[in-house]
Amino acid sequence: MTHLTDLPPVQDPMIIDLFAGPGGLDVGAHWLGVPSIGIEFDYSAVQTRKNAGLSTIFGDVEHWEPKHFDARFNVLTGGPPCQTFTVAGNGHGRRALDRVIGLVDRLSDMGQIAPVIEELSPEKDRRTGLVLQPLIWALRAIENGSPYEAIMLEQVPAVKPVWETMARVLEQYDYGVNVAILGAEEYGVPQTRRRAVLMARHGATNDQINFPKPTHQKYVATHVDADLIKDEESDLPLWVSMEEVLNIGTSFRVKSNYGSGGDPKNRSRRKGDRPAFTVTGKVTRNKIETDEGVSRGITPIEAGILQTFPRNYPWSGNDLSQQIGNAIPPRLAAHVLNVLLGLDKDVNEAAATGRIWNEPSQSLDVVKSVAEGIKRDPGNCNSSDSSVILPQGVKFRGPGTEVAMLDAFVRRGGRLAPVSARILK
């Protein structure tokens, strides 16, 4: 058998996923048999996660720390929001990026954690503070004497300089680290999505941290009616196309607003025999145009499929397109986790098996593990039979009232923090 990684396997990996969204990373981890729990602040994303049976803390990443979890949670992942500096060439974005990189450099001195956190308090600069949270979590775990064995971070390509600066900090604390931009279509995702990814393993060298090898050819964009550009010398199969996964039943094109600059004449088009454009939070505005003259929007279920979520994934709540567009494609997550954790599994086979969603059987056990850790502070948590931990004082009264209850809790000043947490009944 060809080994996919030089890294030894992480023993009994358990993931804490920051900014977990609707579950892209969790789905990929589930395919690999790795338990996870996600911290997520968005009400609708939490609804989706609950209906998918994913272990979830409804809360603010800034109000939780590694000390609230026991040492069994040995893997840290996350994709923090980075909108302030993701627009190429934007002057404000460039300044925001420089500021974040400067703050990451300061965090190389652990004595600076508290001053940096104070400087980035929600009242002063919340968004920049969120970008730094994964590194703050990693450093606090080191301070506690239980460094995470593996770390994976993911965001848009503009964030690569931040990951590279964080990599230099982690190297000081015995991590082997690598940073690269991956093309999702090269890993079987039917869209041309590029993501900056950081991989780190404690006790490893940088040379041991290698990204997964592509499983499919890179897509080379052409005019909509031009012939496909294939690498005839490659042994890899072509990318996965839209028509292979969407079951439209006839030839079609997709018209996208992406990159149009607001001018309808500039809207891009791709035939169904190619991967989709990047699935963004506005994906449902894209149009499918068939040869029979039918024109309609992409549905949330179709958008989820283009992200490689299972066809029956239980999307719930509001802003479905935003939930879907913000998520990491599960198939890409599985490929990266597979090599980072030293699992050496067949991701393509695992993803094929997971095309129909089945709730993780270990979700309740994972949540109870968190509950036991929180109980070290008396009276903070109660046991239950749900996969979601909610703030004390919030009650679940059925699908029609959950969001309203959570919204009311926040509006009356509730903190989504472990000091007021209980498991959802």
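The values are calculated or read from the model by the stated rules, or taken from the named source; none is laboratory data. Only a predicted model underlies this, so the values are computations on that prediction, with no experimental measurement involved. Reconstructed Cβ throughout: ideal geometry from the backbone, glycine too, with neighbour counts over all protein chains shown.
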For region 300-316 the number of residues that are in a loop (DSSP other than H, G, I, E, B) and either touching a Ser or Thr at 6+ places or on another chain (Cβ under 7 Å) or under 15 Å from Phe277 (Cα atoms) (or both) is 5
Can we say Val159 is in contact with a strand residue (DSSP E or B) (Cβ under 7 Å, 6 or more places away or on another chain), closer than 25 Å to Thr5 by Cβ and modelled with pLDDT under 95? yes
Just to be sure, is Val240 assigned to a helix (DSSP H, G or I) and in contact with a Pro (Cβ under 7 Å, 6 or more places away or on another chain)? no
Take Val179 and tell me if it is within 21 Å of the chain's Cα centre (by Cα) and closer than 29 Å to Val104 by Cβ. yes
Looking only at region 164-191, filter to residues that are out of contact with any strand residue (DSSP E or B) (no Cβ under 7 Å at 6 or more places or on another chain) and crowded, with 19+ Cβ neighbours inside 10 Å; which one of those is farthest from Ile328 (Cα to Cα)? Val169
Of (1) more than 26 Å from Ile305 (Cβ to Cβ); (2) at pLDDT 90 or above; (3) touching a Lys or Arg at 6+ places or on another chain (Cβ under 8 Å); (4) buried (at least 20 other Cβ atoms within 10 Å of the Cβ), Phe85 satisfies every one except (2)
Under the condition of being touching a Phe, Trp or Tyr at 6+ places or on another chain (Cβ under 7 Å) and of a type outside the set (D, E, K, R), which residue from region 23-47 is nearest to Leu343 (Cα to Cα)? Val27
Kindly list, by first and then second residue, each pair from a residue in region 104-128 that is under 22 Å from Glu164 (Cα atoms) to a residue that is small (Gly, Ala, Ser) and modelled with pLDDT under 85, limited to pairs with Cβ atoms under 6 Å and residues at least 6 apart or on different chains. Leu120/Gly129
With (1) among the small types (Gly, Ala, Ser); (2) at pLDDT below 90; (3) at positive phi as the list, and Gly33 as the residue in question, which single condition is left unmet? (2)
So which residues in region 309-325 are within 16 Å of Gly21 (Cβ to Cβ) and in contact with a Phe, Trp or Tyr (Cβ under 9 Å, 6 or more places away or on another chain), if there are any at all? Phe309, Pro310, Tyr313, Pro314, Trp315, Gly317, Asn318, Gln323, Ile324
Please go through region 204-222 and give me each residue that is touching a strand residue (DSSP E or B) at 6+ places or on another chain (Cβ under 9 Å), assigned to a loop (DSSP other than H, G, I, E, B) and of a type outside the set (Gly, Ala, Ser), ordered by number. Thr205, Ile209, Asn210, Phe211, Pro212, Pro214, Lys218, Tyr219
In region 324-356, what residues are surrounded by fewer than 17 Cβ atoms within 10 Å (Cβ to Cβ) and not charged (D, E, K, R)? Asn348, Ala352, Thr353, Ile356
Residue by residue through region 1-57, note down the ones that are out of contact with any helix residue (DSSP H, G or I) (no Cβ under 7 Å at 6 or more places or on another chain) and in a helix (DSSP H, G or I). Asp26, His30, Val46, Arg49, Lys50, Asn51, Ala52
Against the condition part of a helix (DSSP H, G or I), modelled with pLDDT of 90 or more and surrounded by fewer than 16 Cβ atoms within 10 Å (Cβ to Cβ), how does Gly102 come out, does it pass? yes
